[in-house]
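Below: one structure, written as structure tokens.
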Amino acid sequence: MPTGEELTEERRLKRDRLKQGGTEPYPYGFPDRTPMASVRQELQGQAPGGELSGVVRRVAGRLLTVRQHGKTAFLPLRDQTGELQLFLRVDDLGEDAYRQVLETIDPGDLVGAEGVPMVTRRGEPSVRATSVVLLAKSLRPPPEKWHGLQDTEARLRQRYVDLLSSAETLRRFEARSALVTEMRRYLGSQGFMEVETPVLGRVASGGLAHPFLTHYRFLEEDFRLRVALELPLKRLLVGGFERVFEIGKVFRNEDLDADHSPEFTMMELYWAYADYTDVRHLVEGLTEDLAKVAAPFLSKEEAEARVRDFTPPYPTIDYVEALEKESGIPDLVDLPRERLVALARECGAKVHEGMSHGAALDKVFGHYVEAKLDRPTFVLDYPVETTPLAKRHRSKPGRVERFELFYKGIELGNAYSELNDPDDQEARFREQLPPPSRTGAHEEEEAYAYDEDFVEALRYGMPPAGGLGMGVDRLLMAMLGASSIKDIILFPPTRAKAGNTTPSPASSAGPSK
RNA sequence: GGGCCUGUAGCUCAGUCGGUAGAGCAGGCGGCUCUUAACCGCAAGGUCCAGGGUUCGAAUCCCUGCAGGCCCGCCA
């Protein structure tokens, strides 16, 4: 029965037939299960046609397809660890049970079985089933067994279908988990303590971005979702914690594309009594370690390339030297603001007239230098006006102690010797604020918001410290070779389907365009 | 935000010059005791993304919209 509803109805009928026969189509569990990979392991070295006589194993998973040959049938199942086929014979199950199983199951159903691990005459590891039970009826047919789910939109909107039909997708998100777990373990081994700080706040500072707005009913105030983790973590250094980190979602109300998602995961750490050089060596250790953990999830060639790329030390280049060398323009950094804005425009960047010197410089740098940084490379010592939260350089006037790590043309991390002079911090925040003449809501949101309480915290004294921020999704893209951030995020944001929009009270509070 | 591309059966895809809709998989019925996208036979299955226009006639041409992808710009 060919339409989608008819296919669903056909499966409902099978389910109801089972129910009428006294079989529960959604039972409560399936205890004492052995993972597919373990059964395969047990069968290693078993000759074709042989079986583990006397051994009984229970396996469960999603039914991939049914290959029936009259009185025998092969039912490949998949669980999280892998695939294994059931071998069904009338001789093992009896006529009635055999017929009932084949008449009521469909590809996509969750199925459990008990039987003897064996290897078929054709050499395929299998379980010769002595009983088969339905564990959950699937009412929807799974995607085509050979091509899988190709529709990129469906894969994002219904990630569960992508996952259940693609072992590769499942594996990629296992890799994500393994890498984030390793990041926590590694930082813990270096003495860092994981903390959690608020997502909702009155000011969204620590980064340059449009915040999401929301309303806090109890406090009767508009709040913003954080755009960075930096300022609360530094307050903790003031309080006396010496090595802290946080891994959490941050929110920037901007475009979604191949390497940006409005909601993404950030890792930031702050390290008292250290500086950005210490942080640089920590980043080398961390990324080297993560590349090794990523390796088993990659093809042999890719794994070797990744481990080779992330073998420290990584080259360092000076921001100004690199920029002048790549652009061929001497003293580019010292050009007046207007000239820089014009230059940024020539580089193809979107510019607006009031754009700051630092912002224009960043565009020019991105054009001439960043795109060319293929191997992991640290760019050191940015001009002071690009970076309001970093400490002035100890020996290079007009610069701050800051580095960014680039790989394959994208930024993976950003670190400073943290600014801890409260008066300098206050002044640097104020320089970032747009001149009053053009204080539109738009530009105001884009400046590093002035966080008065943070400056107050610094007045109590923050130890000298090094700090780091890494975009976790991008780091994972780099490690796993993903070309889109959507391949790394389980449920990326999608537009509402037509006629399916939910009216939102917060949308009217968003920045007007 | 600008440019290009895509949207046809549950899934993967064809569809010529504008002439009234095709295949494979999945599903139904029948056959088959070692398959690997099993195989063989039979029958069935459509809001051609939505709306409008041109035309005797539109999946096909035009316009608008919706959704997605890629490139560019941009925040990580």
Just how far, in whole angstrom, is segment A:27-95 from segment A:358-429 if you go by their alpha carbon centroids? 57 Å
Restricted to chain A, the DSSP antiparallel beta bridge percent, nearest 5, is 90 percent
Cross-link reach from A:Lys408 to lysines, straight Cα distance under 16 Å and at least 8 residues apart if same chain, gives A:Lys372
Apportionment of accessible area to carbon and sulfur, chain A, percent (1.4 Å): 51 percent
Where in segment A:41-150 are there GluC sites (Glu not before Pro) that are in a DSSP coil and have at most 11 other Cβ atoms within 10 angstrom of their Cβ? A:Glu144
Given a Förster distance of 45 Å, report the FRET efficiency between A:Asp255 and A:Thr130 from their Cβ-Cβ distance, rounded to the nearest 0.05. 0.20
Measure nothing fancy, just the Cα-based angle from helix A:337-346's long axis to the longest principal axis of chain A, in degrees from 0 to 90, nearest 10. 30 degrees
Distance (nanometres) between label positions extended 7 Å along Cα→Cβ at A:Glu304 and A:Lys71: 5.3 nm
Using only helices, what value at 222 nm comes out for chain A when you add -39,500 (n - 2.57) per DSSP H run of length 4 or more and divide by the total residues, to the nearest 500 deg cm²/dmol? -10500 deg cm²/dmol
Accessible surface, chain A, averaged per residue in Å² (probe 1.4 Å): 50 Å²
For the peptides A:233-239, A:88-94, A:369-375, A:188-194, what is the packing order when you average, over each peptide's residues, the other Cβ atoms within 10 Å and list the highest mean first? A:233-239, A:88-94, A:369-375, A:188-194
Relative contact order computed over segment A:1-153 (Cα-Cα under 8 Å; 6+ residues apart), in percent: 28 percent
Going down the list A:Lys363/A:Lys396; A:Lys249/A:Lys363; A:Lys137/A:Lys249; A:Lys71/A:Lys145; A:Lys325/A:Lys486, which pairs span over 32 Å between their C-alpha atoms? A:Lys137/A:Lys249; A:Lys325/A:Lys486
Let's see if you can work this out: charge +1 on each Lys and Arg Cβ, -1 on each Asp and Glu Cβ, no other charges. What is the dipole magnitude of segment A:209-353 about its Cα centre, in debye to the nearest 20? 420 debye
Packing-ranked peptide list from A:205-215, A:72-82, highest mean Cβ count within 10 angstrom first, is A:205-215, A:72-82
Mean separation of Cα pairs under 8 Å and 6+ residues apart, divided by the residue count of segment A:84-160: what relative contact order is that in percent? 32 percent
Does a label point 7 Å from the Cα of A:Arg171, set along Cα-to-beta-carbon, have any residues of segment A:129-146 with amide nitrogen under 17 Å, and which are they? A:146
Taking the Cα centre of each part, how many Å lie between segment A:467-481 and segment A:216-253? 20 Å
Place a point 7 Å from the Cα of A:Val195 along the Cα-to-Cβ direction; which residues of segment A:202-225 have their backbone N under 12 Å from it? none
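The values are calculated or read from the model by the stated rules, or taken from the named source; none is laboratory data. Just so it is clear, the model here is predicted, and its values are computed rather than measured. Cβ atoms come from the backbone with ideal geometry, glycine included; neighbour counts cover every protein chain shown. Keep in mind that these areas ignore ligands, DNA and RNA; they rest on the heavy atoms of the full protein, side chains included. Shrake-Rupley method; radii C 1.70, N 1.55, O 1.52, S 1.80 Å.
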